[in-house]
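J.: Following this message is one structure expressed as structure tokens.
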Amino acid sequence: MLAARASAADGDAPAVLGGIYGQMMAKLTQDRRRLHDIQSVERKVAVKRELVPEYADYLQGVLAGDGGQPDEVVTTLMVWHFDIGAFARGLQLADYVLRHDLQLPERLKRNTATLLLDEVAGQVANGAVSKPEEAMQVLQEVARLVDGQDAPDQARAKLHLALGKTLAAQAGEEPRGPQLEMARAGVAQLRRAVELHSGVGAKKLIEQLERKIKNAGDAG
């Protein structure tokens, strides 16, 4: 693995990574078979958490070489990182995938932008990142990566829902000053989510935020 990184710096990455890629694909095939035999989603996530570090050196070599060759190991491990909540590394891989226009495996039935909106923004909207500041960092990176990319409105609504929920959390129960602006921004994001998908589940939170904004104005 380390030899691959060194060779990438020497400009020989395609030839060296070709052999290693075959080895990693063989490992991935074996690991997928292991996961396929597990029925519990919770257990599958736990196993992925064990497996992901075993690919770390290979992934680092690919990112360092920045060659952009089709690579099912990279696209699959991007998804696995999201599955285990390792969003920062997963988004680094997503950046690589999008910059080089790599195709996702057919079984995923989505493009990369849609996957980011469904899996990352969707998880954040459901509370996968407990700290609002960290959640906002993840969402801002998702927004950057999907900007200009084609994706269904229903998927894009999840990003606006997640942004609205995160801004609402940052605004707090009695928003004042900057927090009040966060509450207003949260309402705008949630309204946009509803525009894109009326069933996104934002209407109650909009009412709650608008009530907080009104109370802040009444308090003066």
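J.: Given the conditions (1) part of a helix (DSSP H, G or I); (2) of a type outside the set (A, V, I, L, M, F, W, C); (3) at pLDDT below 95, which single one is not true for Lys165?
T.: Tallying (1) part of a helix (DSSP H, G or I); (2) of a type outside the set (A, V, I, L, M, F, W, C); (3) at pLDDT below 95, Lys165 fails exactly one: (3).
J.: Name the helices (runs of 4 or more DSSP H) wholly within region 79-158 that hold at least 3 residues that are farther than 17 Å from Arg192 by Cα? Spell out the reasoning first.
T.: On the way: elements: 87-99, 112-115, 122-125, 132-146.
Counting at least 3 such residues, we get 87-99, 112-115, 132-146.
J.: A further question on this structure: Anything in region 186-209 that is among the acidic types (Asp, Glu) and under 13 Å from Leu167 (Cα atoms)? List them, or say none.
T.: Within region 186-209, no residue meets the criteria.
J.: May I ask you to say which residue of Arg176, Arg107 is modelled with pLDDT under 95 and under 23 Å from Ala46 (Cα atoms)?
T.: Just one listed residue meets the conditions, Arg107.
J.: Given the options Lys131, Lys158, name the one that is buried (at least 19 other Cβ atoms within 10 Å of the Cβ), of a type in the set (D, E, K, R) and under 22 Å from Arg89 (Cα atoms).
T.: Details: Lys131 fails: buried (at least 19 other Cβ atoms within 10 Å of the Cβ).
Exactly one of Lys131, Lys158 is buried (at least 19 other Cβ atoms within 10 Å of the Cβ), of a type in the set (D, E, K, R) and under 22 Å from Arg89 (Cα atoms), namely Lys158.
J.: Being surrounded by 14 or more Cβ atoms within 10 Å (Cβ to Cβ) and not assigned by TED's automatic domain parsing to the domain that holds Leu51 narrows it down to one of Ala94, Ala86, Ala121, so name that one.
T.: Only one candidate qualifies: Ala121.
J.: Does any residue in region 33-45 that is in contact (Cβ under 8 Å) with a residue 12 or more places away in the chain come within less than 6 Å, Cβ to Cβ, of a residue that is of a type in the set (Lys, Arg) and surrounded by 10 or more Cβ atoms within 10 Å (Cβ to Cβ) six or more places away or on a different chain, and which pairs are these?
T.: Between residues of region 33-45 that are in contact (Cβ under 8 Å) with a residue 12 or more places away in the chain and residues that are of a type in the set (Lys, Arg) and surrounded by 10 or more Cβ atoms within 10 Å (Cβ to Cβ), the close pairs are Leu35/Lys44.
J.: Would you be able to say whether some residue in region 155-170 is in the same structural domain as Gly217 (by TED's automatic domain parsing) and over 20 Å from Gly201 (Cα atoms)?
T.: no
The values are calculated or read from the model by the stated rules, or taken from the named source; none is laboratory data. In this text, all values refer to a predicted model and were calculated from it rather than measured experimentally. Methodologically, a virtual Cβ is constructed for each residue, glycine included, from the backbone with ideal geometry; neighbour enumeration extends over all protein chains shown.
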